[in-house]
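To start, the structure under review is shown below, and the notes come after it.
The values are calculated or read from the model by the stated rules, or taken from the named source; none is laboratory data. Model, not experiment: these values are computed from the prediction. No Cβ is skipped: glycine too gets one built from the backbone with ideal geometry, and neighbour counts run over all protein chains shown. The protein model used for the area step is the full one, side chains on, heavy atoms only, and it has no ligands, DNA or RNA in it. Shrake-Rupley method; radii C 1.70, N 1.55, O 1.52, S 1.80 Å.
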Amino acid sequence: MSFKAGNNAKVTLGSDTVVGMGTWELPGIMTDLLESTAFGDTAKQYMTGLLDYGDVNFSGLYDPADTTGQAVLISANLNNSKVNVIRLYVDNTTYWTPNVTEVSAAGMLIQSIAIGMDKSGLATIKFSGKCTGPWVLTSGA
């Protein structure tokens, strides 16, 4: 078995680490199912359609001084800009990223940002986005 330790993960924009992140997820890569049932069939039939790489979620500690990570993502959200240099690392060399080689328009659209405060804790930030175009698991090793 080749399990991955979460402490080796990170979120980057190109080579710049998004400071303070502690979780990330791609909660569901899905394939559209297209019903192809016709008159006379006795059971529904389906064929596959397009891939949907789903959503991207990551969160951690809020750091307004992170001008090359968190501030860039906040700006992308406010300006309706696509992020195509994001990398979600699973270890030191392997990461999920938009496959701009296959589809130049691939990327992530930031749908929401939530900043939270707690009187007995540190400020938090959560980013949620939508994958557009294909993504690929890349290994730098």
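Applying the criterion of being among the hydrophobic types (A, V, I, L, M, F, W, C) and out of contact with any strand residue (DSSP E or B) (no Cβ under 7 Å at 6 or more places or on another chain) to the residues of region 43-66, the residue that is surrounded by the fewest Cβ atoms within 10 Å (Cβ to Cβ) is Ala43. Could you tell me whether Trp135 is open to solvent by 50 Å² or more (accessible area, probe 1.4 Å) and hydrophobic (A, V, I, L, M, F, W, C)? When the stated conditions are applied, Trp135 does not pass them. Listed by first and then second residue, the pairs linking a residue in region 75-92 that is in contact (Cβ under 8 Å) with a residue 40 or more places away in the chain to a residue that is surrounded by fewer than 13 Cβ atoms within 10 Å (Cβ to Cβ) and in a helix (DSSP H, G or I), with Cβ atoms under 8 Å apart and 6 or more places separating them unless they lie on different chains, are Tyr89/Asn8; Val90/Asn8; Asp91/Asn8; Asn92/Asn8. Going through (1) modelled with pLDDT of 95 or more; (2) within 30 Å of Gly49 (Cα to Cα) one by one, Thr138 falls short only on (1).
Could you list, in sequence order, the residues of region 49-81 that are among the polar types (S, T, N, Q) and either within 16 Å of Ile113 (Cβ to Cβ) or at pLDDT below 95 (or both)? Residues satisfying the conditions are Asn57, Ser59, Thr67, Gln70, Ser75, Asn77, Asn79, Asn80, Ser81.
Taken together, the criteria place Ser128 among residues that are hydroxyl-bearing (Ser, Thr, Tyr) and either outside any loop (DSSP other than H, G, I, E, B) or in contact with a Cys (Cβ under 8 Å, 6 or more places away or on another chain) (or both). Determine if region 112-133 includes at least one residue that is on the phi < 0 side of the Ramachandran plot, touching a residue at least 24 places away in the same chain (Cβ under 8 Å) and of a type in the set (Lys, Arg). Yes, region 112-133 contains a residue that is on the phi < 0 side of the Ramachandran plot, touching a residue at least 24 places away in the same chain (Cβ under 8 Å) and of a type in the set (Lys, Arg). Is it fair to say Gly40 is open to solvent by 50 Å² or more (accessible area, probe 1.4 Å) and on the phi > 0 side of the Ramachandran plot? In short, yes.
The set of residues in region 42-63 that are part of a strand (DSSP E or B), farther than 30 Å from Met21 by Cβ and among the polar types (S, T, N, Q) contains only Thr48. Here Glu35 meets the list (1) more than 17 Å from Val19 (Cα to Cα); (2) in contact (Cβ under 8 Å) with a residue 24 or more places away in the chain almost entirely, failing just condition (2). Total residues in region 21-31 satisfying the condition of being open to solvent by less than 70 Å² (accessible area, probe 1.4 Å) and in contact with a Leu (Cβ under 9 Å, 6 or more places away or on another chain): the figure is 5. Within region 82-99, if we keep just the residues that are out of contact with any Ser or Thr (no Cβ under 9 Å at 6 or more places or on another chain) and either in a strand (DSSP E or B) or open to solvent by 60 Å² or more (accessible area, probe 1.4 Å) (or both), the residue that is modelled with the highest pLDDT turns out to be Val83.
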